[in-house]
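Worksheet: one structure, shown below.
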Amino acid sequence: MKKILLALLLIFAILLSACGVVKYEYKDGVMYGDGKEATGTFEFKAGKYKVKGNFVNGVPDGLFEEYYPDGNIMIKDTFVNGENTREELYYKNGQLMGTFADDEDLKLYYNDGKLVMTYNDKTGESIIYHENGNPLMITNDKESAIYNENKEMLFKVENAKAVDIGTTLKKLEDGSFELVKNNKVVAKIDANGELIKYLYSTGETMLKVNEATGVTEFFFKNGNTFMKEDGNKNVLNYKDGKPLYEMDGDSWKIYNEEGEKIAEDFELVTNIKKVD
């Protein structure tokens, strides 16, 4: 009986070998098959999300697609010999969230298609947008300007010097100040001159600059924080206050509308399957 069992086990092992069962493993950015660098199209899970893409000699090469649990596209990555040269992120409704590419401007959108921000790496110009699509702040190497939602300029700096745009400073009885333009208050300044609040045309706080702490905070009309800059840390939020984009020095994160991080490297890869 033992000889029969051993013979059956041997036959089973031979059959497995003949069927070409390969053990795939993703380690340190390289896909392996039985310990050798693998080539082909693979499906796998990166964290909780399904991914499909092509590997050549173990490294990503070509288009990679990452999916939401419902099957809709979440991320499209383009790799060239292991280097990520372009990334597109999408909302669940199919609307483009943002594009990151070596040879293109950075653009971030809300799920209704309106721009949140743009950055031109060649010119160094960045633009932050109001909810209605008009520019809120335009900044480049030489100048910066702030606008309310109606495109009215509230402040401008050129070569580190403030530009006269027709505003006057009015001191109040409590020692604080109001910045007035065309007989309308466009900003409020505390008595120490450290805290400046720029206003929407309807009176809500639009932008708060704290000279003492170095923190700058933009607000939606509903009062939620739109963007916050604190040293090297920058945060952009959805209209409900949840984070959309976080940058801390050279590291950054992108979040979906539920607050889940969706843009990251293939940190934890499981369920690897070769499909081509």
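The values are calculated or read from the model by the stated rules, or taken from the named source; none is laboratory data. Everything numeric in this text was worked out from a predicted model, so none of it was measured. Glycine also receives a Cβ, built like all others from the backbone with ideal geometry; neighbour counts cover every protein chain displayed.
Select, from Asp276, Asp248, the only residue that is modelled with pLDDT under 90 and within 30 Å of Glu25 (Cβ to Cβ).
Testing whether each residue is modelled with pLDDT under 90 and within 30 Å of Glu25 (Cβ to Cβ) leaves just Asp276.
Of the numbered conditions (1) within 22 Å of Met153 (Cα to Cα); (2) free of Cβ contacts under 8 Å to residues at least 60 places away in the same chain; (3) part of a loop (DSSP other than H, G, I, E, B); (4) not aliphatic (A, V, I, L, M), Lys221 fails exactly one; give the number of that condition.
For Lys221, the failing item is (2).
When region 69-89 is examined, which residues are found to be in contact (Cβ under 8 Å) with a residue 40 or more places away in the chain, of a type outside the set (Val, Ile, Thr) and over 21 Å from Ala38 (Cβ atoms)?
Once the filter is applied, which keeps residues that are in contact (Cβ under 8 Å) with a residue 40 or more places away in the chain, of a type outside the set (Val, Ile, Thr) and over 21 Å from Ala38 (Cβ atoms), region 69-89 yields Met74, Glu87, Leu89.
Out of the residues in region 224-276 that are polar (S, T, N, Q) and part of a strand (DSSP E or B), state the one that is surrounded by the most Cβ atoms within 10 Å (Cβ to Cβ).
Asn237
So is Lys114 out of contact with any strand residue (DSSP E or B) (no Cβ under 6 Å at 6 or more places or on another chain), surrounded by 12 or more Cβ atoms within 10 Å (Cβ to Cβ) and within 29 Å of Pro69 (Cα to Cα) or not?
yes
Looking only at region 155-178, filter to residues that are free of Cβ contacts under 8 Å to residues at least 24 places away in the same chain and surrounded by 15 or more Cβ atoms within 10 Å (Cβ to Cβ); which one of those is nearest to Ile138 (Cα to Cα)?
Lys156
Scan region 76-99 and give yes if some residue there is acidic (Asp, Glu), modelled with pLDDT of 90 or more, over 30 Å from Lys151 (Cα atoms) and more than 15 Å from the chain's Cα centre (by Cα), otherwise no.
yes
State which residue pairs qualify: first residue under 14 Å from Asn150 (Cα atoms) and surrounded by 17 or more Cβ atoms within 10 Å (Cβ to Cβ) and inside region 193-209, second residue modelled with pLDDT of 95 or more and among the polar types (S, T, N, Q) in any location, beta carbons under 6 Å apart, and separation of 6 or more residues or different chains.
Note: pairs meeting the criteria are Tyr200/Asn148.
Which of the residues belonging to region 19-40 are in contact (Cβ under 8 Å) with a residue 60 or more places away in the chain and surrounded by 15 or more Cβ atoms within 10 Å (Cβ to Cβ)?
Tyr24, Tyr26, Met31, Gly33, Ala38
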